[in-house]
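The next block holds one structure in the form of structure tokens; read it before the comments.
The values are calculated or read from the model by the stated rules, or taken from the named source; none is laboratory data. Note that the coordinates shown come from a computational prediction; the quantities given were computed from them, not determined experimentally. Cβ placement follows ideal geometry from the backbone for every residue including glycine, while neighbour counts extend to all protein chains displayed.
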Amino acid sequence: MEIIEIHHPYEVSMIPLEEIVLVLGFFDGVHKGHQRVIQVGKEIAEEKNLKLAVMTFNQHPSIVFQKVQPEMMKYLTSLEQKKRLMEELAVDYLYVVEFTSAFASLKPQEFVDQYMVGLHAKYVVAGFDYTYGPKAIANMNCLSDYSQDRFEIVTVPKESMDGHKISSTRIRENLDAGQMEAVTELLGYVYEIDGTVVHGDARGRTLGFPTANIKPKVTTRLPKEGVYVTEIQIGDKWYPSMGSIGHNDTFEKGRQLTVEVYILNFDQDIYGERVRVRWNHFLRGQVAFNGAEALIQQLKQDEEDTRKYFE
């Protein structure tokens with residue numbers, strides 16, 4: 001997969017000359033609904049012997065339109081994860097457009113001319129609710145007026161599960177409730193975050209449960225606070241583990257939120273490692289215990305439950 005990063009206005013020489021099937025969307029989560037849109041594009045590309053291209057943005061449009069502070073946005077997938085998932089979906093070209101004020105000010109016709117026709121799209125594929133400007137004048141029903149028969153338009157209907165639309169909003173609601181099995185079902189894969197292993201206060205070691213302290217990006221959407229069955233990738237290998245998201249209230253009130261992972265049958269120093277953590281199953285909510293001994297007993301039970309899960 002070739003990744004082409006675009007800053008508006010782009011140099012024409014950056015754009016591959018061949019005709020493509022162009023799939024459009026922001027794709028936060030790259031969930032089953034998004035995967036269906038990309039799959040439709042893939043099927044057309046294979047049938048017509050064309051390359052498959054996906055166009056997305058480096059940040060959410062609301063950062064420009066609603067002036068949301070970039071660090072306040074919480075994404076289901078980082079740009080790095082999105083790139084990884086697109087490669088797994090056999091995308092040939094991934095266009096990552098910087099969503100700037102200049103780009104946002106494009107009129108619908110300009111967007112179509114520069115970012116559909118200009119990218120040599122023979123087919124444009126998007127979900128039924130895709131917009132490229134004000135919804136009333138820049139929806140999928142309007143696209144044929146702007147296209148002027150220069151490309152074919154394919155609108156993909158909504159993908160549903162249990163009678164409700166699969167959406168990033170629905171996934172976020174399930175994450176907030178710790179409903180990880182529902183999240184996995186909607187995504188089509190286990191929810192994961194990226195982060196770096198940093199130094200913590202090493203209290204887990206004194207309790208007999210040494211943990212890796214994971215620092216995710218500030219824009220990472222975390223599941224609800226609690227203890228989870230997790231897996232952690234270090235290098236190329238995945239390890240069964242037990243993850244915790246919380247403030248460690250047993251020892252001190254008002255502490256910063258931390259993400260900690262206790263890796264089963266593991267005894268290595270991994271500070272500074274870039275890791276991935278999968279959140280498989282919610283075990284329990286966070287509790288302030290009456291001292292270290294009560295906490296140790298609960299952690300032993302959590303470890304037992306985690307081992308049973310993997311069995």
Within the range 130-155, restricting to residues that are in contact with a strand residue (DSSP E or B) (Cβ under 9 Å, 6 or more places away or on another chain) and of a type in the set (D, E, K, R), the one that is surrounded by the fewest Cβ atoms within 10 Å (Cβ to Cβ) is R150
Listed by first then second residue, the pairs whose first member lies in the range 284-295 and is in the same structural domain as V229 (by TED's automatic domain parsing), whose partner is assigned to a loop (DSSP other than H, G, I, E, B), with beta carbons under 6 Å and at least 6 positions apart or on separate chains, are Q286/E225; A288/D249; A288/T250; F289/T250; L295/T250; L295/F289
The residue that is nearest to the chain's Cα centre (by Cα), considering only those in the range 187-203 that are modelled with pLDDT under 95 and either of a type in the set (G, A, S) or under 30 Å from I166 (Cα atoms) (or both), is G200
Of the candidates A102, A126, the one satisfying the condition of being surrounded by fewer than 17 Cβ atoms within 10 Å (Cβ to Cβ), small (G, A, S) and touching a residue at least 24 places away in the same chain (Cβ under 8 Å) is A102
The number of residues in the range 168-199 that are buried (at least 16 other Cβ atoms within 10 Å of the Cβ), within 14 Å of F282 (Cα to Cα) and either in contact with a Pro (Cβ under 6 Å, 6 or more places away or on another chain) or not aliphatic (A, V, I, L, M) (or both) is 7
So the helices (runs of 4 or more DSSP H) completely within the range 1-91 holding 1 or more residues that are in contact with a Lys or Arg (Cβ under 8 Å, 6 or more places away or on another chain), touching a residue at least 60 places away in the same chain (Cβ under 8 Å) and in the same structural domain as L119 (by TED's automatic domain parsing) are 32-48
Within the range 84-99, of all residues that are exposed (fewer than 15 other Cβ atoms within 10 Å of the Cβ) and of a type outside the set (G, A, S), the one nearest to Q66 (Cα to Cα) is E98
Among residues of the range 222-241 being out of contact with any Ser or Thr (no Cβ under 6 Å at 6 or more places or on another chain) and small (G, A, S), the residue surrounded by the fewest Cβ atoms within 10 Å (Cβ to Cβ) is G235
